[in-house]
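The values are calculated or read from the model by the stated rules, or taken from the named source; none is laboratory data. All figures in this text were calculated on a predicted structure; none of them were measured in a lab. Glycine gets a Cβ as well: all are built from the backbone with ideal geometry, and neighbour counts include every protein chain shown. Keep in mind that these areas ignore ligands, DNA and RNA; they rest on the heavy atoms of the full protein, side chains included. Shrake-Rupley method; radii C 1.70, N 1.55, O 1.52, S 1.80 Å.
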Amino acid sequence: MGALIAAGALFLLVGVPWMLWRGPYFLDGKYIDTGELAKGSAALVTGLRTAMVALIAALGAGIALLYTARTYRLTRRGQITDRFTKALERLGSNEAYVRIGGILALEQIVQDAPEQAATDAARVLNHFIRDRAPKARVTPVTEEPAPDAESEGKKWPNEPSPDVQAALTALTRPESRTHVDPRERLDLHGLHLVGAELNQADLTDADLRGATLRGAYLAEATLTKANLCGATLTKASLYRATLTGAKLQEAALVKADLREATLTGADLSRSTLTGANLRWADLTNADLERAILTDANLRQATLTETDLSSATLTGASMFKATLTNAHLGEAILTDAILAKATLTETSLHGATLTGASLVKATLTRVSLDGATLTNAKLRDAILTDPDLHAATLTEADLEGTDLSSARHLTQEQASSAITYENTKLPSVFWEPTTSPAPTGRPLLELARESEANR
């Protein structure tokens with residue numbers, strides 16, 4: 001920079017006078033007649049000199065503009081440093097309102113300062129939260145401690161302190177992430193943030209491992225690729241939240257509100273969603289292996305290519321749910337409601353569907369190999385090309401059920417179910433090779449017996 005200034009000064013002191021004196025002759029000498037300067041060539045020289053003066057003036061203005069811009073940047077940097085220093089002083093105050101004032105000052109830096117200053121301010125706010133918020137209490141996922149629960153003489157608040165809440169709001173506003181370095185990850189792991197107000201917050205890629213967010217408000221929040229492994233979100237509001245690719249292994253979402261939430265590609269394996277409301281939620285390609293969804297509301301949810309292997313769905317409602325290419329092998333669906341659900345190429349091998357309702361459900365090319373359908377209700381269900389190898393149909397209600405294209409269905413299986421005249425069975429039953437085919441009772445006899453027992 002110094003060399004550039006020296007070169008500019010040399011040009012102004014030496015180059016400019018020389019150009020004004022000899023420039024016209026150097027540039028346009030062949031057009032200048034020294035003998036005729038007094039008659040007209042002088043006008044050419046004068047015009048050229050005027051143009052050169054204008055050019056030099058423009059060059060000087062450009063240099064001045066660059067210098068002004070540099071001065072402005074330095075001045076602004078000094079102002080930001082001054083604002084930063086004053087905000088830090090306020091954060092150390094014993095008065096809550098003074099600390100909040102410091103937080104608001106840092107928020108302004110985060111939102112409108114250059115990248116490095118914004119990142120530094122965000123880092124300070126993050127450390128402030130970690131310093132002021134209590135550490136999460138380690139409890140079983142099903143436990144809901146009383147509001148004044150104590151452990152080792154310490155109370156856990158029902159909501160963040162005002163300064164912690166202000167810092168959370170400042171850090172998670174969508175506009176607050178514009179200038180912050182994407183590598184500056186929001187770190188809230190292991191913190192007690194019960195009842196936190198984070199509606200519409202931007203928590204993209206945030207670290208929330210083991211955090212306690214019981215009763216937190218996260219409606220319409222963005223938690224894309226956030227790490228919530230082992231987090232407690234019991235009774236949390238996640239209405240219309242975006243959790244695409246989020247990690248929720250072993251998380252507690254008991255009675256959480258996840259209506260219309262987007263959980264595409266989320267990992268919820270071994271998580272607890274007992275009583276959770278997932279109505280209209282999008283769980284496409286999500287991993288729910290060994291998850292507990294007892295009494296969960298999955299009405300009209302999208303579960304396309306979702307992995308529910310060995311999941312517990314006892315009493316869960318999946319009315320009109322879409323389970324295309326879903327994997328429910330060894331899943332427990334006792335008393336689950338799958339009425340009018342769409343199960344296309346769904347795997348239910350070894351699943352337990354005892355007492356489950358599949359009334360008017362559409363099961364196209366589903367695998368029910370080894371599944372238990374004892375007392376299941378399949379009234380008016382359409383089973384196109386299902387695989388019923390070794391499936392248990394004891395006392396299953398097949399009124400109006402179409403099993404005409406069923407594969408590997410034996411007469412013994414059909415005889416153990418409750419069939420009617422409007423039950424459609426294959427024209428030829430599959431004959432197992434390991435044991436002789438049972439005789440079974442005629443379809444008409446079963447229908448009459450069922451009518452008599454009503």
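Return yes or no: is Gly210 assigned to a loop (DSSP other than H, G, I, E, B), within 25 Å of Leu288 (Cα to Cα) and in contact (Cβ under 8 Å) with a residue 60 or more places away in the chain?
Values: assigned to a loop (DSSP other than H, G, I, E, B): yes; within 25 Å of Leu288 (Cα to Cα): yes; in contact (Cβ under 8 Å) with a residue 60 or more places away in the chain: yes.
Spelling it out, Gly210 is indeed assigned to a loop (DSSP other than H, G, I, E, B), within 25 Å of Leu288 (Cα to Cα) and in contact (Cβ under 8 Å) with a residue 60 or more places away in the chain.
For segment 279-320, which positions are on the phi > 0 side of the Ramachandran plot and open to solvent by 50 Å² or more (accessible area, probe 1.4 Å)?
Quick first cut of segment 279-320, residues on the phi > 0 side of the Ramachandran plot only: 280, 285, 290, 295, 300, 305, 310, 315, 320.
Matches in segment 279-320: Trp280, Asn285, Arg290, Asp295, Gln300, Glu305, Lys320.
Could you list, in sequence order, the residues of segment 240-268 that are in a loop (DSSP other than H, G, I, E, B), under 13 Å from Asp282 (Cβ atoms) and not aliphatic (A, V, I, L, M)?
Hits for segment 240-268 are Arg240, Thr244, Gly245, Arg259, Glu260, Thr264, Gly265.
Hey, can you tell me all the residues within segment 214-237 that are open to solvent by 10 Å² or more (accessible area, probe 1.4 Å), assigned to a loop (DSSP other than H, G, I, E, B) and touching a strand residue (DSSP E or B) at 6+ places or on another chain (Cβ under 7 Å)? Give the steps one after another, and end with the answer.
As a first pass, look at segment 214-237 and keep what is open to solvent by 10 Å² or more (accessible area, probe 1.4 Å): 214-215, 217, 219-220, 222, 224-225, 227, 229-230, 232, 235, 237.
Now narrow it down to the ones that are assigned to a loop (DSSP other than H, G, I, E, B): 214-215, 219-220, 224-225, 229-230, 235.
Arg214, Ala219, Thr224, Cys229, listed by residue number.
Can you name every residue in segment 390-405 that is in contact with a Phe, Trp or Tyr (Cβ under 8 Å, 6 or more places away or on another chain) and open to solvent by 30 Å² or more (accessible area, probe 1.4 Å)? Before the answer, list the steps.
Let us first name the residues in segment 390-405 that are in contact with a Phe, Trp or Tyr (Cβ under 8 Å, 6 or more places away or on another chain), namely 398-400.
Glu399 - this is the single residue of segment 390-405 that is in contact with a Phe, Trp or Tyr (Cβ under 8 Å, 6 or more places away or on another chain) and open to solvent by 30 Å² or more (accessible area, probe 1.4 Å).
Those residues that are under 14 Å from Ala231 (Cβ atoms) and under 15 Å from the mean Cα position of the chain (by Cα), I need them from segment 259-302; list them, please.
Scanning segment 259-302 gives Ala266, Asp267, Leu268.
Report yes if Ala211 is within 10 Å of the chain's Cα centre (by Cα) and open to solvent by less than 10 Å² (accessible area, probe 1.4 Å), otherwise no.
no
Mind checking whether some residue in segment 247-257 is more than 29 Å from Lys320 (Cβ to Cβ), within 11 Å of the chain's Cα centre (by Cα), open to solvent by less than 50 Å² (accessible area, probe 1.4 Å) and without any contact (Cβ under 8 Å) to a residue 60 or more places away in the chain?
Taking every residue of segment 247-257 in turn, none turns out to be more than 29 Å from Lys320 (Cβ to Cβ), within 11 Å of the chain's Cα centre (by Cα), open to solvent by less than 50 Å² (accessible area, probe 1.4 Å) and without any contact (Cβ under 8 Å) to a residue 60 or more places away in the chain.
What about Ala391, is it closer than 19 Å to Ala326 by Cβ and more than 36 Å from the chain's Cα centre (by Cα)? Spell out how you get there, then give the answer.
Values: closer than 19 Å to Ala326 by Cβ: yes; more than 36 Å from the chain's Cα centre (by Cα): yes.
In short, yes.
When residues of segment 220-251 are filtered for being closer than 17 Å to Asp202 by Cα and of a type in the set (S, T, N, Q), how many remain?
The number of residues fulfilling the criteria is 6.
Scanning segment 93-139 for residues that are small (Gly, Ala, Ser) and assigned to a helix (DSSP H, G or I), which turns out surrounded by the most Cβ atoms within 10 Å (Cβ to Cβ)?
Looking only at segment 93-139, we keep the residues that are small (Gly, Ala, Ser), and these are 93, 96, 101-102, 105, 113, 117-118, 121-122, 133, 136.
If we keep only those that are assigned to a helix (DSSP H, G or I) as well, we get 96, 101-102, 105, 117-118, 121-122.
Details: Ala96: 12, Gly101: 18, Gly102: 23, Ala105: 19, Ala117: 19, Ala118: 23, Ala121: 28, Ala122: 23.
If we take residues in segment 93-139 being small (Gly, Ala, Ser) and assigned to a helix (DSSP H, G or I), then Ala121 is surrounded by the most Cβ atoms within 10 Å (Cβ to Cβ).
Could you tell me whether any residue of segment 174-190 is in contact with a strand residue (DSSP E or B) (Cβ under 8 Å, 6 or more places away or on another chain), open to solvent by 30 Å² or more (accessible area, probe 1.4 Å), more than 30 Å from Ala331 (Cβ to Cβ) and at pLDDT 95 or above? Give the steps one after another, and end with the answer.
First, pick out the residues of segment 174-190 that are in contact with a strand residue (DSSP E or B) (Cβ under 8 Å, 6 or more places away or on another chain): 174, 176-177, 185-190.
From the residues that got through so far, the ones that are open to solvent by 30 Å² or more (accessible area, probe 1.4 Å) too are 174, 177, 185, 187, 189.
With the extra rule that they be more than 30 Å from Ala331 (Cβ to Cβ), the set shrinks to 174, 177, 185, 187, 189.
Then drop every residue that is not at pLDDT 95 or above, which leaves 187, 189.
Yes: one or more hits.
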